[in-house]
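K.L.:
Mind looking over this structure? Questions follow.
The values are calculated or read from the model by the stated rules, or taken from the named source; none is laboratory data. The structure displayed is predicted, hence computed values, not measured ones. Note that each Cβ is placed from the backbone with ideal geometry, even for glycine, and that neighbours are counted across all protein chains shown.
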Amino acid sequence: MKRDQVRSSSGRRTRFAGAKAVLSGALAVSSLALISVGSATAASASAKKITVAFVVGAEADPFFISMNAGAQAEATKLGVNLIWQGNPSQYSPSTQIPIVQQVISQLQSSKPSALVLGPTDPKALQPYVNQAIKAGIPTFNVDSSVANLKKVVSFVTGNNAQGGAAAADALATAMGYKAGKKYNVAVGMTSPTATTNVLRFQGFKAEVAKKYPGIKIVAEAYSQSSPTTANSNIQGWLTKYSQGSSTALNGIFAIDGTNAEGAASALQAAGLACSATSCGSGKVALVGYDAYNTNVALLQQGIFAALIAQDPAKEGMLSVLNAYNFLTHHKVKGIKHLITLPNVTLTPKSPAALLTKYTYQTA
Amino acid sequence: MSRAVSEVVSPSSNEGEPASWARRLVGNQQFMLFVVFVAIFAFFTFNDSVFASVSEIGNNITDFSTLVLLAVGETFVIATGGIDLSVGGTSGFAGVVGAIAMEHLAPHGEWVVLGVGTLVCLGVGIGIGLINAVLMHYARLVPFVATLVTMGAAEGMSLVLTGGAPVGSNFGAITLTEPKISVFSYPDIIIILITVVAGLYLHYSKFGRYTFAIGSNSFAVRAVGVNVRRHLTWVYVLSGALAGLTGMFIYMRLGSGAPSAGVGTELVAIAAVVIGGARLTGGSAQLSGTVLGAMILTIVSSGLIIMNVSPNFNQVAVAILIALAATFQALRKGSRADV
Amino acid sequence: MSDPTPLYEARNVYKNYGSVAAVKDVSLTIHAGEIVGLVGDNGAGKSSLVKVLSGVYQPDAGQLIVDGVERHWKSPHDAMLAGVETLYQDSGLALDLTIGANVFLGREKMKPGILGRLGFLAQKEMDAEAAEDLERTGIAVHASKRTVGQLSGGQRQAVAIGRAVAWAQKVIILDEPTNHLGARQAGEVLAVMRAARERGLGVIFISHTLPHILEICDRIVVLRLGSVVRDAPTSTFTAESLLGTITGLHAE
Ligand SMILES: Nc1ncnc2c1ncn2[C@@H]1O[C@H](COP(=O)(O)OP(=O)(O)O)[C@@H](O)[C@H]1O
Ligand SMILES: [Mg+2]
């Protein structure tokens with residue numbers, strides 16, 4: 001997915017060292033503006049309604065639609081005025097920047113207000129985050145982050161490394177992993193610059209090294225965001241590691257939506273896809289990422305042995321809550337700077353309610 | 001410049017001699033491309049014999065079918081001195097619209113669904129080709145800009161319609177891309193037939209003649225009374241239509257309409273045309289060269305997968321191939337000894 | 001004059017580019033079997049007049065009359081269909097096409113039967129005919145399968161003129177056809193013009209090379225600042241008086 005590819009390039013999410021220490025400095029700046037509101041109490045905050053603006057990448061992406069739903073529910077509960085903005089389809093800084101600029105001026109005239117931004121590029125959006133903070137608008141990141149998180153109040157995101165590890169566990173289960181036996185696995189990725197891919201793959205490899213010595217990662221390839229290329233890559237592997245041979249392929253980890261689609265169709269064409277009723281020997285177990293409803297449908301058919309799902313609704317909900325707490329209490333107390341939400345593993349056997357809860361919504 | 005050419009031209013007119021026959025073969029881009037293709041194929045097969053297996057050849061033909069129609073349309077466009085950046089986005093958008101249409105038609109018989117789906121894909125492609133022509137003729141955009149605009153619009157519309165996820169899942173359609181006649185599926189055969197007919201039209205018909213003439217000197221063509229705008233419109237409509245058909249093929253291949261299916265493929269198609277010996281400024285192209293270019297690009301990507309080479313190397317390999325082809329073309333032009 | 005109706009006549013023609021009046025009240029006649037020289041300084045309006053005569057531009061005022069009938073060209077193609085062929089400065093050929101393809105550009109012959117109706121060309125026939133046509137007009141360019149880009153400047157010009165002469169039924173207009181050519185090649189071009197005159201065509205010859213004009217033309221029309229300043233038989237000019245009339249620097 002386009003969003004996935006670019007979104008991930010933002011995620012230099014390991015650089016949080018000392019962030020808390022600097023955070024107070026940032027607060028000094030933003031509180032200047034807040035103090036001018038007066039001897040603010042909870043009462044005065046409720047007198048003037050809090051406005052929280054979300055600017056995301058591609059509004060039409062079910063991932064963000066779900067995030068919107070979570071944020072909206074929380075905003076209604078807290079009596080917060082929610083502004084939701086984003087380019088309908090393009091996940092790109094060039095379309096996001098003008099929106100951010102416009103939203104900042106809007107927020108300046110409707111204080112108390114906060115900005116929650118899912119930057120489409122860590123560097124390109126940095127100046128606008130700085131600008132918002134200078135203008136006295138506390139700023140939060142969601143899903144992806146700017147390069148310098150010091151002045152950002154809080155960053156809520158999915159835990160990609162944990163998700164990768166969960167994928168390894170799910171794949172081992174699906175292949176019926178037994179110690180002492182050998183398993184060949186291939187990994188379909190999008191591009192070497194997609195940081196979510198890299199983090200998921202690192203988590204996957206670490207888990208394999210730790211728990212599954214019998215699993216060998218025999219191939220990895222990039223789809224460059226094209227499901228056709230992903231299909232072609234996997235087609236090639238299925239031929240090379242032909243079934244029945246000693247080097248047969250036992251499992252595939254499709255690290256994002258593009259590869260999930262390419263892998264599912266390639267397995268189907270080769271007659272190697274598992275079904276809801278059976279995934280016997282000679283079939284290839286497939287674990288995918290992201291609970292788009294097409295993926296969930298394939299999960300229910302058994303073609304996916306498991307899907308690793310993020311929780312965009314919760315990301316949206318927590319972001320609104322953090323913004324509300326910050327504006328109400330004028331301090332970061334109780335607000336974690338970095339919140340990584342664990343990804344969940346969905347399987348064909350997951351209860352329907354769980355599947356429904358985690359399936360990304362459509363408009 | 002002209003003087004130098006005339007001196008070389010006269011001695012080469014004694015064409016029958018065996019020495020000059022051999023020289024012509026080496027100077028012939030199609031022949032050299034074929035040699036390169038065989039060499040690359042042999043290299044990959046030597047590396048892993050599975051590369052020459054029936055199954056892998058089938059895989060390659062599927063990949064080739066996904067690429068070649070885009071490259072064929074692009075050959076016509078480039079022969080006129082233009083460029084069509086929208087073919088990739090068009091194929092994705094056509095696949096998405098076709099998939100949505102086919103989903104709605106699902107209660108009807110399979111052949112009705114596929115037939116109408118194909119027509120819808122074609123229609124989307126033709127529509128985008130027409131928009132390209134309108135942008136060029138009436139908004140006065142150069143082809144690069146006009147087709148860049150439609151590329152962005154097509155890719156964006158695909159995402160708007162689908163929210164980024166594949167639509168109209170129909171895994172039954174995948175069986176259509178399975179080999180039926182030897183290593184060829186039915187769509188493969190249709191695609192190859194279209195390619196052959198397109199080659200005949202490019203090189204032996206009046207339509208092809210004007211295509212090259214416009215790329216060579218559009219003023220001269222206008223002066224003899226040819227409606228250049230109308231011809232260019234047809235050329236971009238053709239390119240769009242072939243991209244639309246590619247969208248249908250990708251739909252069958254993936255079993256759904258995928259919004260990002262065509263992203264970036266215009267560059268691979270253009271690479272095939274350039275490797276095939278076409279001149280980007282127009283007037284000169286060979287459809288056989290384009291086909292060989294597409295064959296080479298196809299086996300290079302799949303060969304690198306089979307070899308398990310670092311996937312980043314694929315792009316490097318394509319870049320090297322383009323550089324070699326362009327150098328060869330420049331050298332050949334410098335000597336002008338081939339014709 | 002005692003002649004019958006001219007082949008082609010321009011009456012009181014005007015052509016403006018915005019505020020620039022490039023052609024002002026020009027009248028001109030061409031008769032069968034006549035070569036008319038059109039001369040003038042740079043910017044005198046020669047090319048503009050040619051483009052009006054050949055249908056590239058429509059005149060802002062005035063009439064164009066072919067065989068006594070007034071015509072309105074909507075495009076150069078209209079003029080071509082009426083028998084008026086034009087050789088533009090440098091830009092008439094498609095260098096990547098073969099000689100044969102260039103000669104037949106815009107007038108392709110199709111294969112007989114269904115193939116022709118499907119749009120396929122009778123290339124062999126066209127190549128043979130092109131070679132014949134060029135030979136007939138006195139141009140020997142063999143191997144019409146060669147692309148024009150592979151020919152020398154003189155050979156290219158010969159093909160362009162040969163094509164125009166081969167197709168012209170009434171009038172052929174040549175805008176600086178001997179430009180950039182060597183003496184021998186220019187001589188060949190003049191010979192082709194003579195052959196065209198023999199065939200009864202009317203020829204309009206534009207050139208800055210006054211000796212060529214004096215050598216070949218029957219009549220000379222001098223343009224200055226968009227207007228005709230002299231239209232007289234060649235015998236009434238000397239090299240000096242022609243130059244003087246063009247520049248306007250010496251009294252007539
Ligand atoms: N397309 C044009 N637009 C504006 N002015 C033009 C154009 N073509 C020619 N002119 C002007 O018209 C006048 C006649 O030019 P032209 O017919 O080219 O003369 P010649 O061929 O005798 O050198 C000149 O002043 C020239 O600058
Ligand atoms: Mg001129």
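K.L.:
So which of C:Ala10, C:Ala44 ends up being closer than 17 Å to C:Leu223 by Cβ and within 16 Å of ligand 2 (Cβ to nearest atom)?
P.N.:
C:Ala44 is the lone residue from the list that is closer than 17 Å to C:Leu223 by Cβ and within 16 Å of ligand 2 (Cβ to nearest atom).
K.L.:
On the basis of being in contact with an Asp or Glu (Cβ under 8 Å, 6 or more places away or on another chain) and either under 30 Å from C:Leu97 (Cβ atoms) or surrounded by 21 or more Cβ atoms within 10 Å (Cβ to Cβ) (or both), does B:Phe93 make the cut?
P.N.:
Criteria met by B:Phe93.
K.L.:
Touching a residue at least 40 places away in the same chain (Cβ under 8 Å), within 7 Å of chain B (Cβ to nearest Cβ) and either assigned to a strand (DSSP E or B) or closer than 22 Å to A:Cys274 by Cβ (or both): is that true of A:Asn259 in this structure?
P.N.:
no
K.L.:
Assess whether B:Ile191 counts as being away from chain C (no Cβ under 13 Å) and either of a type outside the set (Phe, Trp, Tyr) or crowded, with 22+ Cβ neighbours inside 10 Å (or both).
P.N.:
Yes; evaluated as a whole, the condition is true for this residue.
K.L.:
When the stretch C:195-210 is examined, which residues are found to be under 25 Å from C:Asp41 (Cα atoms) and either among the basic types (Lys, Arg) or within 14 Å of ligand 1 (Cβ to nearest atom) (or both)?
P.N.:
C:Ile204, C:Phe205, C:Ile206, C:Ser207, C:His208
K.L.:
Give the stretch C:152-165 a look and list any residue that's touching a strand residue (DSSP E or B) at 6+ places or on another chain (Cβ under 9 Å) and farther than 16 Å from C:His212 by Cβ, or say none.
P.N.:
C:Ala160, C:Arg163, C:Ala164, C:Val165
K.L.:
Report the residue count in the stretch C:94-136 for those that are more than 7 Å from every other protein chain (Cβ to nearest Cβ) and touching a Ser or Thr at 6+ places or on another chain (Cβ under 7 Å).
P.N.:
Residues flagged as more than 7 Å from every other protein chain (Cβ to nearest Cβ) and touching a Ser or Thr at 6+ places or on another chain (Cβ under 7 Å) within the stretch C:94-136 amount to 6.
K.L.:
Scan the stretch C:43-58 and give yes if some residue there is within 15 Å of ligand 1 (Cβ to nearest atom), within 14 Å of chain B (Cβ to nearest Cβ) and at pLDDT below 90, otherwise no.
P.N.:
For the stretch C:43-58, residues within 15 Å of ligand 1 (Cβ to nearest atom), within 14 Å of chain B (Cβ to nearest Cβ) and at pLDDT below 90: present.
K.L.:
Moving to a separate point now. Quick check on the stretch C:149-208: of everything there that is in a loop (DSSP other than H, G, I, E, B), of a type outside the set (Ser, Thr, Tyr) and within 14 Å of chain B (Cβ to nearest Cβ), which residue is farthest from ligand 2 (Cβ to nearest atom)?
P.N.:
Checked the stretch C:149-208; the qualifying residue farthest from ligand 2 (Cβ to nearest atom) is C:Leu151.
K.L.:
Let me ask something else about it. Any idea how many residues of the stretch B:216-244 are at the interface with chain C (Cβ under 7 Å from one of its Cβ atoms) and under 27 Å from B:Met151 (Cα atoms)?
P.N.:
1
K.L.:
Applying the selection to the stretch C:59-90, what residues are crowded, with 16+ Cβ neighbours inside 10 Å, more than 16 Å from ligand 2 (Cβ to nearest atom) and at the interface with chain B (Cβ under 9 Å from one of its Cβ atoms)?
P.N.:
Selection gives C:Ser75, C:Pro76, C:His77, C:Met80.
K.L.:
Now, a different point. Mind listing just one residue for me: the one in the stretch C:209-247 that is in a loop (DSSP other than H, G, I, E, B) and within 16 Å of ligand 2 (Cβ to nearest atom) and, of those, nearest to the chain's Cα centre (by Cα)?
P.N.:
Filtering first and then ranking leaves C:Thr209.
K.L.:
Scan the stretch C:91-126 for residues that are in contact with a Lys or Arg (Cβ under 8 Å, 6 or more places away or on another chain), β-branched (Val, Ile, Thr) and surrounded by fewer than 16 Cβ atoms within 10 Å (Cβ to Cβ) and report the count.
P.N.:
Residues in the stretch C:91-126 being in contact with a Lys or Arg (Cβ under 8 Å, 6 or more places away or on another chain), β-branched (Val, Ile, Thr) and surrounded by fewer than 16 Cβ atoms within 10 Å (Cβ to Cβ): 0 in total.
K.L.:
If you go through the stretch C:22-29 one residue at a time, do you hit one that is surrounded by fewer than 21 Cβ atoms within 10 Å (Cβ to Cβ), within 16 Å of ligand 1 (Cβ to nearest atom), within 14 Å of another protein chain (Cβ to nearest Cβ) and on the phi < 0 side of the Ramachandran plot?
P.N.:
Checking the stretch C:22-29: not a single residue is surrounded by fewer than 21 Cβ atoms within 10 Å (Cβ to Cβ), within 16 Å of ligand 1 (Cβ to nearest atom), within 14 Å of another protein chain (Cβ to nearest Cβ) and on the phi < 0 side of the Ramachandran plot.
K.L.:
In the stretch A:76-99, which residue that is under 21 Å from the mean Cα position of the chain (by Cα) and assigned to a loop (DSSP other than H, G, I, E, B) is modelled with the lowest pLDDT?
P.N.:
Of everything passing the filter in the stretch A:76-99, A:Ser89 is modelled with the lowest pLDDT.
K.L.:
Can I ask one more? Residue check: is A:Lys151 assigned to a helix (DSSP H, G or I), touching a helix residue (DSSP H, G or I) at 6+ places or on another chain (Cβ under 8 Å) and away from every other protein chain (no Cβ under 13 Å)?
P.N.:
no
K.L.:
Of the conditions (1) surrounded by 22 or more Cβ atoms within 10 Å (Cβ to Cβ); (2) within 12 Å of another protein chain (Cβ to nearest Cβ); (3) under 26 Å from the mean Cα position of the chain (by Cα); (4) of a type outside the set (D, E, K, R), A:Ala254 fails just one. Which one is it?
P.N.:
It is condition (2) that A:Ala254 fails.
K.L.:
Can you tell me which residue is nearest to C:Ile220 (Cα to Cα) among those in the stretch C:22-41 that are away from ligand 2 (no atom under 14 Å from the Cβ) and β-branched (Val, Ile, Thr)?
P.N.:
Checked the stretch C:22-41; the qualifying residue nearest to C:Ile220 (Cα to Cα) is C:Val36.
K.L.:
Please identify the pairs in which a residue from the stretch C:11-29 that is aromatic (Phe, Trp, Tyr) has its Cβ atom under 7 Å from the Cβ atom of a residue that is away from ligand 2 (no atom under 16 Å from the Cβ), counting only partners at least 6 apart or on another chain.
P.N.:
Note: pairs meeting the criteria are C:Tyr14/C:Lys24; C:Tyr14/C:Asp25; C:Tyr14/C:Pro59; C:Tyr14/C:Asp60; C:Tyr14/C:Ala61; C:Tyr14/C:Gly62.
K.L.:
Show me the helices (runs of 4 or more DSSP H) found entirely inside the stretch A:264-363 where at least 3 residues are polar (S, T, N, Q).
P.N.:
A:293-300, A:312-329
K.L.:
For C:Glu176, which of the numbered conditions (1) modelled with pLDDT under 95; (2) away from ligand 1 (no atom under 15 Å from the Cβ); (3) touching a helix residue (DSSP H, G or I) at 6+ places or on another chain (Cβ under 9 Å) fails to hold?
P.N.:
(2)
K.L.:
Next question. Taking the stretch A:165-179, which residues are surrounded by 22 or more Cβ atoms within 10 Å (Cβ to Cβ) and out of contact with any strand residue (DSSP E or B) (no Cβ under 8 Å at 6 or more places or on another chain)?
P.N.:
A:Ala165
K.L.:
Of the conditions (1) at pLDDT 95 or above; (2) at positive phi, C:Phe120 satisfies every one except a single condition; which number is it?
P.N.:
With respect to (1) at pLDDT 95 or above; (2) at positive phi, C:Phe120 is out only on (2).
K.L.:
Considering B:Met151, B:Met136, which residue is touching a Lys or Arg at 6+ places or on another chain (Cβ under 9 Å), at negative phi and in a helix (DSSP H, G or I)?
P.N.:
On inspection, the qualifying residue turns out to be B:Met136.
K.L.:
What residue, among those in the stretch C:33-42 that are surrounded by fewer than 21 Cβ atoms within 10 Å (Cβ to Cβ) and either among the basic types (Lys, Arg) or touching a residue at least 24 places away in the same chain (Cβ under 8 Å) (or both), is nearest to ligand 1 (Cβ to nearest atom)?
P.N.:
It comes out as C:Asp41.
K.L.:
If a residue must be over 27 Å from C:Pro4 (Cβ atoms), surrounded by 16 or more Cβ atoms within 10 Å (Cβ to Cβ) and within 13 Å of ligand 1 (Cβ to nearest atom), how many such residues does the stretch C:211-226 contain?
P.N.:
Adding up the residues that qualify gives 2.
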